[in-house]
Amino acid sequence: MAKIIVVTSGKGGVGKTTSSAAISTGLAMRGHKTVVIDFDVGLRNLDLIMGCERRVVYDFVNVIKGESNLSQSLIKDKRTDNLYVLPASQTRDKDALTKEGVEAVLNDLSKDFDYIVCDSPAGIEQGAQMALYFADIAIVVTNPEVSSVRDSDRIIGILQSKSRRAEQNLEPIKEHLLLTRYNPTRVAAGEMLSVGDVEEILAIPLLGVIPESEAVLKASNQGTPVILDEETQAGQAYNDAVDRLLGSDLPHRFLEAEKKGFLARLLGGK
């Protein structure tokens, strides 16, 4: 039976889709058959991040409506074995996602996959609630800003009260914190919350800290999950996060500002 992971946040633009692409790719790289689903009906960005936008024929809503089957709609990733994408519809209304329809699709996917990663839209509307309702594991993505953290706190409350596990008094969803766009220099200057600040407010286990990096934007524009760029700090941080998700006990990296060497300081290097 597949484990269902929701990647969620209260605020838009924090890196959910980038994280969904990276985490699903990382799971597949480690031999787990994985599918990542775009729940953002009407906007659809996951296919761009995954570099498969030109291969979309049928989508998630087509499957729910019975207009296509999973074998027609799933897109096999060209770079990573064991990885498939189920894109969202750009033309349907968000109400096209029904609880019964989503459950039927997840049940069918559970027969063949080890992990189902649900890329949730931001906020608490229909698509977001559908994405988190069936989750076994939640990865709450937040930036080190007060507004982002406050909105994530709201999402944690919904995970704990409105999910299927909560309604049926089952074991609670396993919650993880993924802190993105972290800049230790700005933290030291008091311009960002620290890791400790965010952990104290949200009080859920820290899965990973992704440093602010141009590599993330570059990878997104190229349609390549940044986790594949293992030369970059962002790629390494996502790989660490996936290993922790699978049970490894790894120290967190990239939490301190890099110290300049004497020559770099002398020449004014950054």
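The values are calculated or read from the model by the stated rules, or taken from the named source; none is laboratory data. What you see is a predicted model; the values in this text were computed from it and never measured. Cβ placement follows ideal geometry from the backbone for every residue including glycine, while neighbour counts extend to all protein chains displayed. SASA here: full protein model, heavy atoms, side chains in, ligands and nucleic acids out. Shrake-Rupley method; radii C 1.70, N 1.55, O 1.52, S 1.80 Å.
Some notes on this structure:
- Any hit, the range 17-30, residues being farther than 25 Å from residue 63 by Cα, of a type in the set (Lys, Arg) and open to solvent by 40 Å² or more (accessible area, probe 1.4 Å): yes
- Per the conditions (1) closer than 25 Å to residue 174 by Cα; (2) aliphatic (A, V, I, L, M); (3) part of a loop (DSSP other than H, G, I, E, B), the sole criterion not satisfied by residue 88 is (1).
- Checklist (1) over 25 Å from residue 228 (Cα atoms); (2) of a type outside the set (Asp, Glu); (3) surrounded by 19 or more Cβ atoms within 10 Å (Cβ to Cβ) applied to residue 92, failing item: (3)
- Residues that are of a type outside the set (D, E, K, R) and over 16 Å from residue 241 (Cβ atoms) within the range 203-215 comprise just one, 203.
- Among (1) open to solvent by 20 Å² or more (accessible area, probe 1.4 Å); (2) modelled with pLDDT of 95 or more; (3) charged (D, E, K, R) - the single one residue 38 does not satisfy: (1)
- Among the conditions (1) touching a Leu at 6+ places or on another chain (Cβ under 8 Å); (2) closer than 20 Å to residue 16 by Cβ; (3) not polar (S, T, N, Q), the only one that residue 187 does not satisfy is (2).
- Filter pass, residue 204 being part of a loop (DSSP other than H, G, I, E, B) and crowded, with 16+ Cβ neighbours inside 10 Å: yes
- Among the numbered conditions (1) open to solvent by less than 30 Å² (accessible area, probe 1.4 Å); (2) closer than 26 Å to residue 4 by Cβ; (3) assigned to a helix (DSSP H, G or I), the only one that residue 177 does not meet is (3).
- Residue count for the range 77-89, restricted to those that are open to solvent by 80 Å² or more (accessible area, probe 1.4 Å) and either in contact with a Lys or Arg (Cβ under 9 Å, 6 or more places away or on another chain) or without any contact (Cβ under 8 Å) to a residue 60 or more places away in the chain (or both): 2.
- Checking each residue in the range 154-174 for being touching a residue at least 12 places away in the same chain (Cβ under 8 Å), open to solvent by less than 50 Å² (accessible area, probe 1.4 Å) and not in a loop (DSSP other than H, G, I, E, B) picks out 155, 156, 158, 159.
- Close pairs (8 angstrom Cβ cut-off, 6 or more residues apart or separate chains): without any contact (Cβ under 8 Å) to a residue 40 or more places away in the chain and open to solvent by 30 Å² or more (accessible area, probe 1.4 Å) in the range 112-138, of a type in the set (Gly, Ala, Ser) and in a strand (DSSP E or B) anywhere: none
- Long-range neighbours under 8 Å by Cβ, at least six apart or interchain, first residue under 17 Å from residue 250 (Cα atoms) within the range 193-219, second of a type in the set (Phe, Trp, Tyr): 195/182; 208/238; 209/182; 209/254; 210/182; 210/238; 211/182; 211/254
- Which listed residue, of 215, 188, 219, is open to solvent by 30 Å² or more (accessible area, probe 1.4 Å) and of a type in the set (Gly, Ala, Ser): 188
- Scanning the range 241-251 for residues that are open to solvent by 50 Å² or more (accessible area, probe 1.4 Å) and either in contact with a Lys or Arg (Cβ under 9 Å, 6 or more places away or on another chain) or outside any loop (DSSP other than H, G, I, E, B) (or both) yields a count of 2.
- Among the residues of the range 92-136, the one identified as out of contact with any Leu (no Cβ under 8 Å at 6 or more places or on another chain), under 26 Å from residue 76 (Cβ atoms) and β-branched (Val, Ile, Thr) is 102.
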